[in-house]
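Data block below; observations after.
The values are calculated or read from the model by the stated rules, or taken from the named source; none is laboratory data. What you are looking at is a predicted structure, and each value in this text was computed from that prediction instead of being measured. All Cβ positions, glycine included, derive from the backbone under ideal geometry; neighbour counts span all protein chains shown. The protein model used for the area step is the full one, side chains on, heavy atoms only, and it has no ligands, DNA or RNA in it. Shrake-Rupley method; radii C 1.70, N 1.55, O 1.52, S 1.80 Å.
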Amino acid sequence: MTKFALAIHGGCGVMAKLDLNEEEWIAARRDLGRALEAGYAILKSGGRALDAAPAAVVVMEDSPHFNAGHGAALNENGVHELDASIMDGRSLAAGAVSA
């Protein structure tokens, strides 16, 4: 089996435990685990990272606890703004959005 690693984050900003009640904190951690499991399952079965990464992101997009995929953060003008990218390591094809 090829060794691999998967790292995720729930979007920009900080999710401080002090700002959440215990139920919210547990739910957010559970959703992070579900995101890792979604990506991991694809990699473990021999799938491509190009498929595993979006699978993990979709779980976070569906969670109310993260701003991944929801317009990210407010900029200095109070407008939602985000940057996102993805790259195929084999072909070096890439796509991105910003601002």
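Results, tabulated for the structure shown:
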{"quantity": "Percent carbon-and-sulfur accessible area, segment 44-99, ignoring ligands, DNA and RNA, probe 1.4 Å", "calculated": "54"}
{"quantity": "Highest-fluctuation residue, GLY33, GLY89, GLY11 considered, GNM on the chain with Cα pairs under 10 Å", "calculated": "GLY89"}
{"quantity": "Area accessible to solvent at GLU37, 1.4 Å probe radius, in Å²", "calculated": "120"}
{"quantity": "Rounded, prolate or oblate (a/c below 1.5 giving rounded, otherwise prolate when a/b exceeds b/c) for the chain by Cα gyration tensor", "calculated": "oblate"}
{"quantity": "Mean Cα-pair separation over length for the chain, i.e. relative contact order, pairs under 8 Å, 6 or more apart, %", "calculated": "22"}
{"quantity": "Residue-level accessible surface for ARG48, protein heavy atoms, 1.4 Å, Å²", "calculated": "100"}
{"quantity": "Dipole magnitude of the chain about its Cα centre (Cβ charges: Lys, Arg +1; Asp, Glu -1), debye to nearest 20", "calculated": "600"}
{"quantity": "Sum of side-chain charges, VAL59 neighbourhood, beta-carbon under 10 Å (Lys, Arg +1; Asp, Glu -1)", "calculated": "-3"}
{"quantity": "Computed accessible area, SER45, all protein chains, 1.4 angstrom probe, square angstrom", "calculated": "100"}
{"quantity": "Positive minus negative residues near GLU24 (Lys, Arg vs Asp, Glu; Cβ under 12 Å)", "calculated": "-1"}
{"quantity": "Heavy-atom surface of the chain, accessible at 1.4 Å and reported per residue (Å²)", "calculated": "73"}
{"quantity": "Tilt relative to the chain, helix 49-61 - C-alpha long axis, 0 to 90 degrees, to 10", "calculated": "20"}
{"quantity": "Degrees separating the helix 22-44 axis from the principal Cα axis of the chain, which is the longest one", "calculated": "10"}
{"quantity": "Charge tally in the Cβ shell below 13 Å around ALA96, where Lys, Arg are +1 and Asp, Glu are -1, ALA96 excluded", "calculated": "-2"}
